[in-house]
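The values are calculated or read from the model by the stated rules, or taken from the named source; none is laboratory data. All of these numbers come straight from a predicted model, not from anything done at the bench. Heads up, the Cβs are rebuilt from the backbone with ideal geometry, glycines too, and the neighbour counts pull from every protein chain shown.
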Amino acid sequence: MQRALVWGGLVTSLVAITISVYAVGWTRSDSSTRSGLPGVPADVGVAIADLEERISKLEGTRDLATARASESIVERTRSRDDSASEHETRELQSRIEEIAARMSELEDVETMAAMVRSGEERLVRRERDAARLEVLDRSRLPGERLDALNRLDKPVRQDDEVLEAMCEIAMDTSLDGKVRTRAIESLWGFHDEGVKRDMLHILDVDGDPGVRGAALFSLYSHAKDPVVLDTIRTVADYDRHPGVQRNAVTLLSKLEWSENSGGDGGK
């Protein structure tokens, strides 16, 4: 029910405004607009039924009894029977007051929920910005920068500066091969020209078979490029590292299967 209250904020605000409008209409209406109930505007019953319907939907409490009660109010306020009692008028006024109180509660819940959401969003932004700065901070150890990268979602990882930072780590032959491989794996799936260029370079000249294998698989996203596809085929035909050659054969098979099945591999 709380979820319904939270996401029903816009509805509750509109309903609260409706209550205010009808409250003003009730106090200011002249005799030509009144219904059979003394002192009650002709259409206020319809408004009450509508508000109760909206509250019930928000709370998930709509039932047959509530529906019949609302229908009864509508019929009585539409009636032009001058014999309508003061008791009915007081009953109607009491119902309006109950609805107004409930709507006030709903608005309070929505206000608190909005504050919580706003605070959470600010916290997420601060954490994201801090992680991004750690990724770009060259004074940090490469492993620390990669750990910070894991705290970023994909849209932020596509940032040009973030991609460039990961390529720098991947290209740095003074680093441990496992660290470089982690950096390359973080680049998989990104259709970036700079990434493609650096991965082709690693595959061409690097001496670490693990790093070269990771670079090979990173090129899967660029396989529609004739240069990339020719490179993969060349590696599959012959390569100085047998493991990398086997990976190239596997990658070619995957690309052929994707193309034959109408997949989007290599886009």
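Taking the listed residues ASP172, ASP129, the one that is in the same structural domain as HIS222 (by TED's automatic domain parsing), among the charged types (D, E, K, R) and exposed (fewer than 14 other Cβ atoms within 10 Å of the Cβ) is ASP172, with no other qualifying.
For residues that are assigned to a helix (DSSP H, G or I) and surrounded by fewer than 14 Cβ atoms within 10 Å (Cβ to Cβ), tally how many sit in the range 151-167.
Filtering the range 151-167 for residues assigned to a helix (DSSP H, G or I) gives 154-157, 160-167.
From what's left, surrounded by fewer than 14 Cβ atoms within 10 Å (Cβ to Cβ): 154-155, 160-161.
Number satisfying all stated conditions: 4.
Regarding GLY189, is this residue of a type in the set (Gly, Ala, Ser) and part of a helix (DSSP H, G or I)? Give the derivation first.
On the way: of a type in the set (Gly, Ala, Ser): yes; part of a helix (DSSP H, G or I): no.
No; evaluated as a whole, the condition is false for this residue.
Give the residues of the range 250-267 that are surrounded by 19 or more Cβ atoms within 10 Å (Cβ to Cβ) and at pLDDT 90 or above, sorted by residue number. LEU251 - this is the single residue of the range 250-267 that is surrounded by 19 or more Cβ atoms within 10 Å (Cβ to Cβ) and at pLDDT 90 or above. Residues that are at pLDDT 90 or above and over 28 Å from GLU193 (Cβ atoms) within the range 117-138 comprise just one, ALA130.
Note on the range 175-202: among residues that are farther than 24 Å from VAL249 by Cβ and of a type in the set (Asp, Glu), the one that is surrounded by the fewest Cβ atoms within 10 Å (Cβ to Cβ) is GLU193.
Taking the numbered list (1) crowded, with 16+ Cβ neighbours inside 10 Å; (2) without any contact (Cβ under 8 Å) to a residue 12 or more places away in the chain; (3) aliphatic (A, V, I, L, M) in turn, VAL205 passes all entries but (1). Within the range 215-249, the set of residues being loosely packed, with under 15 Cβ neighbours inside 10 Å and either touching a Leu at 6+ places or on another chain (Cβ under 6 Å) or touching a residue at least 40 places away in the same chain (Cβ under 8 Å) (or both) comprises LYS224 only. Please tell me if ARG95 is at pLDDT below 90, in a helix (DSSP H, G or I), of a type outside the set (Phe, Trp, Tyr) and surrounded by 14 or more Cβ atoms within 10 Å (Cβ to Cβ). Here the answer is yes, as ARG95 does meet what is asked. I need the full set of residues from the range 218-231 which are in a helix (DSSP H, G or I) and either within 17 Å of VAL179 (Cβ to Cβ) or acidic (Asp, Glu) (or both), in order please. SER218, ASP230, listed by residue number.
Annotation note: of ILE184, ILE202, the sole residue that is part of a helix (DSSP H, G or I), under 30 Å from the mean Cα position of the chain (by Cα) and at pLDDT 95 or above is ILE184.
The conditions of being out of contact with any Pro (no Cβ under 9 Å at 6 or more places or on another chain), β-branched (Val, Ile, Thr) and under 26 Å from GLY207 (Cα atoms) are not met by VAL179.
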